[in-house]
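The values are calculated or read from the model by the stated rules, or taken from the named source; none is laboratory data. Computed from a prediction, not measured in an experiment: that's the story for all the values here. Here the Cβ is made from the backbone with ideal geometry for all residues, glycine too, and neighbour counts use every protein chain on show. These accessible areas exclude ligands, DNA and RNA; they are computed on the full protein's heavy atoms, side chains included. Shrake-Rupley method; radii C 1.70, N 1.55, O 1.52, S 1.80 Å.
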Amino acid sequence: MKIFKHIRPISLQELKQLRRKKNYFISHPPSWSSIFGSRSALLHSSAENTVVEVHNPEHEVVIALGSNVGDRLKHFEDALHFMRESGIHITRHACLYESEPAYVTNQPNFLNSAVRGITKLSPHELLAVLKKIEKDLGRKGGGIRYGPRPIDLDILFYGRLKISSEALTVPHQRIWERPFVLAPVVDLLGSYVDSDVTATWHSLSGFDGGVFEAWNRLGGESTVGSDGLKRVLPLPNGGGERNRLWEWSKKTHLMGVVNLTQDSFSDGGEFNSVDSAVSQIRRLVSEGADMVDLGAQSTRPKARRVSVDEELDRLLPVVEAAFQRVPELEEKKVLLSVDTFYSEVASEAVNSGAHMVNDVSAGQIDPKMFDVVAGLDVPYVAMHMRGDPSTMQEGENIRYDDVCREVASELGQRISKAEISGIPAWNLIIDPGIGFSKTTEQNLEILMGLPRIREELGKRSLAASHGPLLVGPSRKRFLGEICGRVDPKERDAVTVAAVTTGILGGADIVRAHNMGFCSDAAKLCDALLKKGR
């Protein structure tokens, strides 16, 4: 018999009471007993609550993924694909972690993550599906317990059920002692409880502060970045193949800008030829760029939109020449990003060697973008913008009651759609869009409010708030308005000040035209932040 303990559904009144709590739970976890009464009231164990398995229409589940044999990322991708094919609708992804092995330590490092999803499969049907996926991906029975494996899929939570049978225990019996499991679980939650299901998951931890208290007892965020647990982002070679993990939080990363356009606000017309563009890429690399962003479409206010074909005609010859003449790109010491809002351009550029896609519209201009990027499986910068470059500085597009909160909320909606389309959170980079759909005053609020944007993102998805954050204030008009600098090239000094503010506010990547000045600023900021820690 398959035995379950039902968790008492939380009433609407209780959920509203929980939502009224203004604490940010990671820093100030609430007492679950103070909200709902004692935990024992939540876990009914009387005979009338012990039942044979029944089928509910849908349940929300959390599934952990682990791999330390072969192409670990490919195993993850294949597992997620097979899950979707088997009736598991994946709605949210955790960040990606590399962790040292536990229990049996003489084996390769693991990749770990987790996903939230919705399924009509019963618990044991779901277990059977996951076991089949493990087998199909090469996992064999009879190996060393906690030993090497190509893929490991575990059901961590299943709806509001607590399950105990010979084949299945939910929550997973060792979830509360494993940082490499709890870190992804925390990513899948919001800092505010959004449903009775997530409230139940907190109650199942056995701690008054829920999952967050369990995580903090293991060290919490202070453990991330250690040798034993690193938050990473997978980097592709040309054509999408991966062989390196990027631990972006080790230092500030610099993204140099090369515009292959006639009408860009700062350097339009300067790098139209292949030779001049490649020469500028080499200069940026020599000055310290960790990545170079190629743009063949101007996104300045009121810019004329060019066609896909025209953008590709400008872009692809430079991409091809850059990989031939700039060895740092081929060796992936420096990443090549393509700045485009067209999915076809993104696809052609990545297939020609580009490592990542930078989309100023976060998939709003081209509705195919998310599906295409999901298939390309490369890092994707989702930037906040309202409207498009021709309308972004007009009317309602620059009206905010609270710019940090609204930018975070609107980005959060785009992130959610991206994840549902198949772009995992571990491939997402967030950009609040300085200079796009913002006035001078609003740009200043964004620069000063980066921690708040992370906090607002984290209310719904902590994975979004834990990921890389990019800011691009370089030579923007608002800097010229403040300093009286009409010529964008005269704004490099104030750009350094803006970049410094962004880094000290938590930016992981800064996008700029002048790498030499910004590289020095980033080094100083990193030293200050390290000293502060």
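Taking the criterion of being in contact with a Phe, Trp or Tyr (Cβ under 7 Å, 6 or more places away or on another chain) and surrounded by fewer than 17 Cβ atoms within 10 Å (Cβ to Cβ), would at least one residue in segment 378-394 satisfy it?
no
Hey, any hits in segment 112-125 for a residue that's part of a helix (DSSP H, G or I), among the polar types (S, T, N, Q) and surrounded by fewer than 21 Cβ atoms within 10 Å (Cβ to Cβ)?
No, the conditions are met nowhere in segment 112-125.
Report, ordered by the first and then the second residue, all pairs with beta carbons closer than 8 Å, sequence separation of six or more or different chains, a first member in segment 70-98 that is farther than 14 Å from I423 by Cα, and a second member that is open to solvent by 70 Å² or more (accessible area, probe 1.4 Å) and acidic (D, E).
F82/D136
Taking L111 as the residue in question, decide whether it is farther than 16 Å from F180 by Cβ, touching a Gly at 6+ places or on another chain (Cβ under 8 Å), hydrophobic (A, V, I, L, M, F, W, C) and touching a residue at least 24 places away in the same chain (Cβ under 8 Å).
no
Cβ contacts < 8 Å: first residue at positive phi, restricted to segment 493-520; second residue at pLDDT 95 or above and of a type in the set (A, V, I, L, M, F, W, C), any location; separation 6+ or different chain. Result?
Close Cβ pairs satisfying both conditions: G506/L450; G506/L469.
For segment 179-214, which positions are charged (D, E, K, R), outside any loop (DSSP other than H, G, I, E, B) and under 21 Å from the mean Cα position of the chain (by Cα)?
Result: D187, single match.
Tally the residues that are within 20 Å of K140 (Cα to Cα) and either touching a Phe, Trp or Tyr at 6+ places or on another chain (Cβ under 6 Å) or outside any helix (DSSP H, G or I) (or both), restricting the search to segment 69-101.
Looking only at that region, the number is 4.
From the list N351, N358, pick out the single residue that is open to solvent by 10 Å² or more (accessible area, probe 1.4 Å) and not basic (K, R).
Checking each option against the conditions leaves just N351.
For a quick check of your reading of the model, give me the residue pairs whose first member lies in segment 153-181 and is more than 13 Å from A114 (Cα to Cα), whose second is among the hydrophobic types (A, V, I, L, M, F, W, C) and open to solvent by 40 Å² or more (accessible area, probe 1.4 Å), with beta-carbon atoms closer than 7 Å and at least 6 apart or on different chains.
Sorted first by the residue in segment 153-181, then by its partner, the pairs are K162/L43; S164/I3; S165/I3.
Residue by residue through segment 483-508, note down the ones that are of a type in the set (D, E) and either modelled with pLDDT under 95 or out of contact with any strand residue (DSSP E or B) (no Cβ under 6 Å at 6 or more places or on another chain) (or both).
D487, E490, D492
Can you name the residue in segment 144-179 that is open to solvent by less than 60 Å² (accessible area, probe 1.4 Å) and at pLDDT below 90 and is also nearest to F76 (Cα to Cα) among such residues?
Of everything passing the filter in segment 144-179, R149 is nearest to F76 (Cα to Cα).
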